[in-house]
1. Please give the number of the condition residue 26 fails out of (1) within 23 Å of residue 58 (Cα to Cα); (2) assigned to a helix (DSSP H, G or I); (3) open to solvent by 50 Å² or more (accessible area, probe 1.4 Å).
2. Filter region 1-23 for residues that are of a type in the set (A, V, I, L, M) and open to solvent by 60 Å² or more (accessible area, probe 1.4 Å); which is nearest to residue 63 (Cα to Cα)?
3. Cβ-Cβ distance below 7 Å, separation of 6 or more or different chains: which pairs start in region 95-108 with a residue that is outside any helix (DSSP H, G or I) and end on one that is modelled with pLDDT under 95 and open to solvent by less than 70 Å² (accessible area, probe 1.4 Å)?
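The values are calculated or read from the model by the stated rules, or taken from the named source; none is laboratory data. It should be emphasised that the depicted structure is a prediction, and the values quoted were computed from it without experimental measurement. Methodologically, a virtual Cβ is constructed for each residue, glycine included, from the backbone with ideal geometry; neighbour enumeration extends over all protein chains shown. To get the accessible areas, we keep the full protein, side chains included, count just its heavy atoms, and leave off ligands, DNA and RNA. Shrake-Rupley method; radii C 1.70, N 1.55, O 1.52, S 1.80 Å.
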Amino acid sequence: LSPLPVSHAVRKELFEVAIYMAELSVCDSFFVPYPASIVALAALANVMESMPESKLPSMAKIAFWNMVRHLWTGISHSDYLLQLRNKQLDDARERLRSMFQATSAASS
């Protein structure tokens, strides 16, 4: 996110919440087969999605996903690996989102 036009305060908030969300994965055996990079990306994606346009413009979100797509296609030498990563990312995002909502509701 560093080359994107995002303030330091927003970047800090994004990373702090994403770290907390990623740490939730340690409490759930669902994440055992998942690479740490998928869990981290899922947490970042969830937090970015929840941030309003005024804090994190859609241009920054698009640039981030373009960078991820570029990195993934450079690493994945097969469509199968790319599809597997996308499926793992979707599943991890959903599980982290529900865990985060449960902890947020419990602390309210």
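1. (1)
2. Step one: of region 1-23, the residues of a type in the set (A, V, I, L, M) are 1, 4, 6, 9-10, 14, 17-19, 21-22.
Within this subset, residues satisfying the condition of being open to solvent by 60 Å² or more (accessible area, probe 1.4 Å) are 9, 19.
Details: 9: 19, 19: 21 Å.
Filtering first and then ranking leaves 9.
3. From region 95-108, no pairs qualify.
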